[in-house]
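Read the structure below first, then the notes.
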Amino acid sequence: MSPHLSAEPVPRGSAAPAPSAGGVQSLHRSLDLLEIVAAGGGHMAIGEIAAASDIPLPTIHRLLRTLVERGYMRQLPNRRYALGFRLVNLGTAANGMVGANAEPILAELVAALGETANLAMLSGDHAEYVAQVPSRHAMRMFTEVGRRVELHCTGVGKALLSQLDGQQVAAIITRVGLPAYTDYTITSAAALSEALTEIRSRSYAIDQEEQELGVRCVAVPVPSSHMAVSVSGPLSRMTDDVVARAVPLLQAAAARLAADLSPGRPV
């Protein structure tokens, strides 16, 4: 089930970064390996992991063995390494915290624009909604938190893809394809590449009836994260004027969310 318009009664959301100079090197490297495998679709051969990192192969072996022992990585029967199930509970808890912290920011977008505001994150080869504040209109955009949607035909999805390099985008297309949902859905790799170039240039993405007819969405990536924030609504209300007003508000919201997510932020 994809995000959709609902008329229900209205009640009342890559390469690993270079480690900092401080910290424990082995921990930095372990986290690098987790991020590399996550960016590679959740499972990779050890040669692929080594090619994506600057960590010596013997060290990679030792770190992976420890991660497997702790349940944060798994070794599959074909000898590839996959993310471990112990990450699931951590991710669920983190998603809940992100959603709670994001809701006041999303609520401000709804107050300013009148349409549903969403926060989504990259989850494997899809976008997963982690927070939403609905519009006050009876006819509004609705999706369940936790719902996963395609990347190539949603505003948040294309905003997320725009933060990946060409090789990562191509790998996702290979794994999941470019299925058509409407006559407006992008269904070729060349067209998607052109769209992503435009998104990177203007710093926001548009879903113009690409996932569902009658729905328009504008989204921006959250800096230094695999997240995107968006505003969605019926095409009749999401006019060019609303989109023009939404972009700077979304960019400001994304900057605030990025500050909240910053690893160096005091706690």
Mind telling me which of the residues L192, L257 ends up being farther than 21 Å from A180 by Cβ and either surrounded by fewer than 23 Cβ atoms within 10 Å (Cβ to Cβ) or not β-branched (V, I, T) (or both)?
L257
Of the criteria (1) closer than 18 Å to I49 by Cβ; (2) among the acidic types (D, E); (3) modelled with pLDDT under 90, which one E69 fails
(3)
Being touching a helix residue (DSSP H, G or I) at 6+ places or on another chain (Cβ under 6 Å) and either surrounded by fewer than 24 Cβ atoms within 10 Å (Cβ to Cβ) or not β-branched (V, I, T) (or both) is the filter here, so list the residues in the stretch 200-223 that pass it.
Y204, A205, D207, C217, A219, P221, P223
Among the residues of the stretch 64-93, what is the count of those that are of a type outside the set (G, A, S) and outside any helix (DSSP H, G or I)?
12
Members of the stretch 108-122 that are within 18 Å of Q211 (Cα to Cα) and out of contact with any Leu (no Cβ under 6 Å at 6 or more places or on another chain):
E115, T116, N118, L119, A120, M121
Hey, among A180, A190, which residue is of a type in the set (G, A, S) and in a loop (DSSP other than H, G, I, E, B)?
A180
Here are S225, S236: which of them is part of a loop (DSSP other than H, G, I, E, B), within 19 Å of S135 (Cα to Cα) and at pLDDT below 95?
S236
Taking A138, is it part of a loop (DSSP other than H, G, I, E, B), among the hydrophobic types (A, V, I, L, M, F, W, C) and at pLDDT below 90?
yes
Does the stretch 1-52 hold any residues that are among the hydroxyl-bearing types (S, T, Y) and either in a loop (DSSP other than H, G, I, E, B) or modelled with pLDDT of 50 or more (or both), and which are they?
S2, S14, S20, S26, S30
Mind checking which residues of the stretch 158-168 are part of a helix (DSSP H, G or I) and modelled with pLDDT of 95 or more?
K158, A159, L160, L161
What are the residue pairs meeting all of these: first residue in the stretch 162-175, first residue buried (at least 18 other Cβ atoms within 10 Å of the Cβ), second residue among the polar types (S, T, N, Q) and part of a loop (DSSP other than H, G, I, E, B), Cβ atoms under 7 Å, and 6 or more apart or on different chains?
L164/S14
Going through L122, L151 one at a time, which residue ends up being part of a loop (DSSP other than H, G, I, E, B) and either within 12 Å of the chain's Cα centre (by Cα) or modelled with pLDDT of 95 or more (or both)?
L151
Are any of the residues in the stretch 224-234 more than 16 Å from the chain's Cα centre (by Cα) and surrounded by fewer than 20 Cβ atoms within 10 Å (Cβ to Cβ)?
yes
Does G146 meet the test of being more than 19 Å from the chain's Cα centre (by Cα), modelled with pLDDT under 95 and on the phi > 0 side of the Ramachandran plot?
no
Whether any residue in the stretch 211-224 is out of contact with any strand residue (DSSP E or B) (no Cβ under 8 Å at 6 or more places or on another chain) and within 17 Å of L122 (Cα to Cα) is what I want to check.
yes
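The values are calculated or read from the model by the stated rules, or taken from the named source; none is laboratory data. Bear in mind the structure is a predicted one, so any value in this text is a computation, not a measurement. So basically every Cβ, Gly included, is an ideal-geometry build from the backbone, and we count neighbours across all protein chains shown.
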